[in-house]
1. Grab the helices (runs of 4 or more DSSP H) fully contained in segment 101-158, keeping just those with 1 or more residues being surrounded by 15 or more Cβ atoms within 10 Å (Cβ to Cβ) and of a type outside the set (A, V, I, L, M, F, W, C).
2. Give the residues of segment 87-100 that are without any contact (Cβ under 8 Å) to a residue 24 or more places away in the chain and either under 17 Å from residue 68 (Cβ atoms) or surrounded by 15 or more Cβ atoms within 10 Å (Cβ to Cβ) (or both), sorted by residue number.
3. Just one of the numbered conditions (1) farther than 29 Å from residue 154 by Cβ; (2) of a type in the set (Asp, Glu); (3) crowded, with 19+ Cβ neighbours inside 10 Å is not true of residue 11; which one?
4. Within segment 14-27, can you find the residues that are under 16 Å from residue 61 (Cβ atoms) and open to solvent by 60 Å² or more (accessible area, probe 1.4 Å)?
5. For residues that are part of a loop (DSSP other than H, G, I, E, B) and crowded, with 16+ Cβ neighbours inside 10 Å, tally how many sit in segment 41-56.
6. Please go through segment 6-27 and give me each residue that is part of a helix (DSSP H, G or I) and either closer than 17 Å to residue 66 by Cβ or hydroxyl-bearing (Ser, Thr, Tyr) (or both), ordered by number.
7. Give the residue, chosen from 59, 38, 30, 77, that is surrounded by 17 or more Cβ atoms within 10 Å (Cβ to Cβ) and more than 18 Å from the chain's Cα centre (by Cα).
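The values are calculated or read from the model by the stated rules, or taken from the named source; none is laboratory data. Note that the coordinates shown come from a computational prediction; the quantities given were computed from them, not determined experimentally. Glycine also receives a Cβ, built like all others from the backbone with ideal geometry; neighbour counts cover every protein chain displayed. Remember, those area values only see protein heavy atoms, side chains included, never the ligands or the DNA or RNA. Shrake-Rupley method; radii C 1.70, N 1.55, O 1.52, S 1.80 Å.
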Amino acid sequence: MKLELCHAIQEYFPEAEAVAGVATGAIAQGALVADQLGLPFSYVRPKPKDHGMGNQIEGEIEKGAKVVVVEDLISTGGSSLKAVAALREYGVEVVGMVASFTYGFPVAEKAFEEAGVKLITLTDYNHVVEEAAKIGYIKEEEKAVLAEWRKSPETWKQ
């Protein structure tokens, strides 16, 4: 996955000068990607620490740097875009975000568009469901149930 994320960054965000991972799920991925690309790495907490120096952003990051954000999973986009907001407030230019997976929920797509953040993912819910059916992990008729869940997971009941 590290190499695929690196390829996505090189293709879509070649201007990136640093990598930031979203805590905590994407810290390891972000660090591996930054190492592979030879770029400085930082990570962003959901909120500033309540002790010590009170940092929300840790690591090597210069103000004004062009940063690509690494995330593991996108559901609504809320935590990912909070990290983007913290980076922007810190004084860096977020050029975009790469993630391993997205559910592709409309609320997330709208939030990323409104925030002006280009999101590139390695795969998404629909492709995973299709592949799971293709290899027999799920039955063809289960795809309808999964599609129904995706419409409104917060209210879905079977």
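1. Values: elements: 106-115, 125-134, 142-151.
In segment 101-158, 125-134, 142-151 are the helices (runs of 4 or more DSSP H) which contain 1 or more residues that are surrounded by 15 or more Cβ atoms within 10 Å (Cβ to Cβ) and of a type outside the set (A, V, I, L, M, F, W, C).
2. Taking segment 87-100 and keeping what is without any contact (Cβ under 8 Å) to a residue 24 or more places away in the chain, we get 88-89.
Result: 88, single match.
3. (3) is the only condition that residue 11 fails.
4. Initial filter on segment 14-27 (under 16 Å from residue 61 (Cβ atoms)): 15-23, 26-27.
Scanning segment 14-27 gives 15, 17.
5. Quick first cut of segment 41-56, residues part of a loop (DSSP other than H, G, I, E, B) only: 45-56.
Okay, now just the ones that are also crowded, with 16+ Cβ neighbours inside 10 Å, so 45, 56.
Counting residues in segment 41-56 that are part of a loop (DSSP other than H, G, I, E, B) and crowded, with 16+ Cβ neighbours inside 10 Å gives 2.
6. Taking segment 6-27 as the starting set, the residues that turn out to be part of a helix (DSSP H, G or I) are 6-12, 27.
Passing the criteria: 6, 8, 9, 10, 11, 12.
7. Details: 38 fails: surrounded by 17 or more Cβ atoms within 10 Å (Cβ to Cβ); 30 fails: more than 18 Å from the chain's Cα centre (by Cα); 77 fails: more than 18 Å from the chain's Cα centre (by Cα).
Only one candidate qualifies: 59.
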